[in-house]
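Laboratory data are not the source of any read-out in this text; all were calculated from the coordinates shown. Just so we're clear, the structure is a prediction, and the values are computed from it rather than from any experiment. All Cβ positions, even for glycine, are placed from backbone atoms using ideal geometry, and neighbour counts span all protein chains on display.
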Amino acid sequence: MKTNNLIKYLDSFGRYVVKQARTNLSKGDKNATSDLYNSIGFEISSDSKGFTIQFYMDSYGKFVDKGVSGTDKKRKYKDYSGKVVPSPYKYKSKQPPTSIIEKWIKTRGLKGRDEKTGRYITDKSLAFLIARSIKEKGIKGISFFQRPLELGINRLSNDLLQGIKEDITEVLKDIN
């Protein structure tokens, strides 16, 4: 059976979700190094059961998308169906690695100051303070991926049916 229109639509759907997710990352000011931005993509595969579209990104993207609850504050995010749900991730005893936060501090060009004297503190000290704060307060999820997925799925039904209809029409024309 011909499936050109269906594959074309799934490709368009995938490109839409990826583009919107990348835009949301940039608008949410979560694109310091562009690593997560550049890692977002999708693949379309097929087997005897049908077609599958699979999205992928760096593993920490799920934490940016859905947030992480802290020891003192519970975080929520809006899922692809539009419901506000609690984050499935939470800090318990460990805090984020300071080495990653140090890299982020350098990328952003941040400098910390001592509260009493106003002198600059080391990046390592600032990273520790930020990591401790993240452990307590968590990370707010920005639904950068969930929102485009929701919008794409809402558009999916009509466009998908139209694509299938065109594929079936082409098959019927070939039979005649």
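Here are the numbers for this structure:
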{"item": "Rg ratio (alpha-carbon, reference 2.2 N^0.38 Å) - region 23-75", "result": "1.51"}
{"item": "Distant-in-sequence amide H partners of F144 (H built 1.01 Å from N, under 5 Å)", "result": "none"}
{"item": "19 Å cut-off, amide nitrogen to a point 7 angstrom out along K74 Cα→Cβ, residues in region 115-138", "result": "135-138"}
{"item": "Rh by Kirkwood over Cα pairs, then Stokes-Einstein D for the chain at 1.306 mPa s and 10 °C, µm²/s", "result": "84 µm²/s"}
{"item": "Relative contact order (%) - criterion: Cα under 8 Å, at least six apart; region: the chain", "result": "31 percent"}
{"item": "K8 paired with I168, simple spin-label distance in nm, labels 7 Å along Cα-to-beta-carbon", "result": "1.8 nm"}
{"item": "5 angstrom amide H check on R75, placed H, neighbours 5+ away", "result": "S69, G70, S87"}
{"item": "Percent of Cα pairs exceeding the 15 Å cut-off, where the set is region 1-51", "result": "54 percent"}
{"item": "Ordering of 86-99, 4-17, 36-49 by packing [mean C-beta count within 10 Å, highest first]", "result": "4-17, 86-99, 36-49"}
{"item": "Length-normalised contact order for region 1-54 - Cα pairs under 8 Å, 6+ apart - percent", "result": "34 percent"}
{"item": "Label-point separation, S39 to R108 (7 Å along Cα→Cβ), nm", "result": "1.9 nm"}
{"item": "Residue among Y89, G70, F51 farthest towards the positive dipole end of the chain, charges placed on Cβ", "result": "G70"}
{"item": "Karplus (6.51, -1.76, 1.60) ³J(HN,Hα), θ = phi - 60°, over region 60-76, in Hz, Gly and Pro reported as x", "result": "6, x, 5, 6, 5, 6, 9, x, 9, 6, x, 6, 9, 9, 8, 9, 10"}
